[in-house]
Amino acid sequence: MTDWKLTFLGTGTSTGVPQIGCRCGVCSSDDPRDHRLRTSALLEADGYNLLLDCGPDFRQQMLRCGSPRIDAVAITHSHYDHTGGLDDLRPYAYGDSPLPIHCSKDVALAITQRLPYCFGMTDYPGVPRLRTSVFRPYTTFRSGPLDIMPLDIDHGRMMISGFRIGPVTYITDCHTMPPATLDAINGTETLVINALRIDPHPT
């Protein structure tokens, strides 16, 4: 990438911040830094726009940043806070060329079962036209001008994907990293990664 920009569309938890019904100091705060949408980002590189995750706040996120073009989507994992906005890709996914959704095999299965009408399994008019493009960990694939290496990330109870894209590494929901991922991100200029508390999260 010779010219790139990374925009954080959301940095909140799976429920968003503030959380519905919560009266804690953070959720009751008037500080705009305590008002965060679900996790997603937009990578703009050499005129190509890659959306990283597409959660339930996607519509609001796009309106906030001026509704930029989306050329492809890369999904880290199938949880709703990372895929719940796929139906709202309608303005970007119509006509003869379905919008590519780069994802692992298990994510492809989950989202096609959840939204079969988006993947050509029905002929209902007006639905988004999406196409899964399945990747394998540590096997670089091409999306427009981007070379993307999927990375294994331990989410705690499941393995999910992070992405090394040129000088940028994007990782979310990380509990631990396998040694192969640590090796793969060596030399990263910009590392995006979540932060976990040391003690277990209260339930």
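The values are calculated or read from the model by the stated rules, or taken from the named source; none is laboratory data. All values reported here derive from a predicted model rather than from experimental measurement. Neighbour counts are summed over all protein chains in view; Cβ atoms, including those assigned to glycine, are modelled from backbone coordinates with ideal geometry.
The table for this structure:
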{"quantity": "Matching residues, the stretch 36-95, being acidic (Asp, Glu) and in a loop (DSSP other than H, G, I, E, B)", "calculated": "46, 53, 57, 71"}
{"quantity": "Residues of the stretch 108-146 satisfying the condition of being small (Gly, Ala, Ser), within 19 Å of the chain's Cα centre (by Cα) and farther than 17 Å from residue 70 by Cβ", "calculated": "108, 110"}
{"quantity": "Near pairs, Cβ below 8 angstrom, 6+ apart or cross-chain, from the stretch 76-95 (within 17 Å of residue 128 (Cβ to Cβ) and crowded, with 22+ Cβ neighbours inside 10 Å) to any residue that is at pLDDT below 95 and of a type in the set (Phe, Trp, Tyr)", "calculated": "none"}
{"quantity": "Filter result for residue 186 (touching a Ser or Thr at 6+ places or on another chain (Cβ under 9 Å) and part of a loop (DSSP other than H, G, I, E, B))", "calculated": "no"}
{"quantity": "Failed item in (1) in contact (Cβ under 8 Å) with a residue 40 or more places away in the chain; (2) more than 21 Å from residue 79 (Cα to Cα); (3) in a strand (DSSP E or B), with residue 147 passing the rest", "calculated": "(1)"}
{"quantity": "Filter result (of a type in the set (Gly, Ala, Ser) and in contact with a strand residue (DSSP E or B) (Cβ under 9 Å, 6 or more places away or on another chain)) within the stretch 68-109", "calculated": "72, 74, 78, 84, 85, 93, 97, 104, 108"}
{"quantity": "Residue in the stretch 138-161 that is surrounded by the fewest Cβ atoms within 10 Å (Cβ to Cβ), counting only those that are in contact with a helix residue (DSSP H, G or I) (Cβ under 7 Å, 6 or more places away or on another chain) and closer than 17 Å to residue 53 by Cα", "calculated": "152"}
{"quantity": "Total residues in the stretch 96-126, condition in a loop (DSSP other than H, G, I, E, B) and among the aromatic types (Phe, Trp, Tyr)", "calculated": "1"}
{"quantity": "Residue among 195, 110 that alone is without any contact (Cβ under 8 Å) to a residue 40 or more places away in the chain, loosely packed, with under 12 Cβ neighbours inside 10 Å and either touching a Ser or Thr at 6+ places or on another chain (Cβ under 7 Å) or under 19 Å from residue 9 (Cβ atoms) (or both)", "calculated": "195"}
{"quantity": "Those residues of the stretch 7-35 which are part of a strand (DSSP E or B), buried (at least 16 other Cβ atoms within 10 Å of the Cβ) and out of contact with any Ser or Thr (no Cβ under 7 Å at 6 or more places or on another chain), in sequence order", "calculated": "17"}
{"quantity": "Pair list, Cβ < 9 Å and 6+ apart or interchain, from the stretch 15-27 residues that are under 19 Å from residue 173 (Cβ atoms) and at pLDDT 90 or above to residues that are charged (D, E, K, R) and not in a loop (DSSP other than H, G, I, E, B)", "calculated": "17/34; 17/36"}
{"quantity": "Residues located in the stretch 160-175, provided they are touching a residue at least 40 places away in the same chain (Cβ under 8 Å) and in a strand (DSSP E or B)", "calculated": "160, 161, 162, 163, 165, 168, 170"}
{"quantity": "Single residue of 86, 43 found to be more than 21 Å from residue 14 (Cβ to Cβ) and of a type in the set (A, V, I, L, M)", "calculated": "43"}
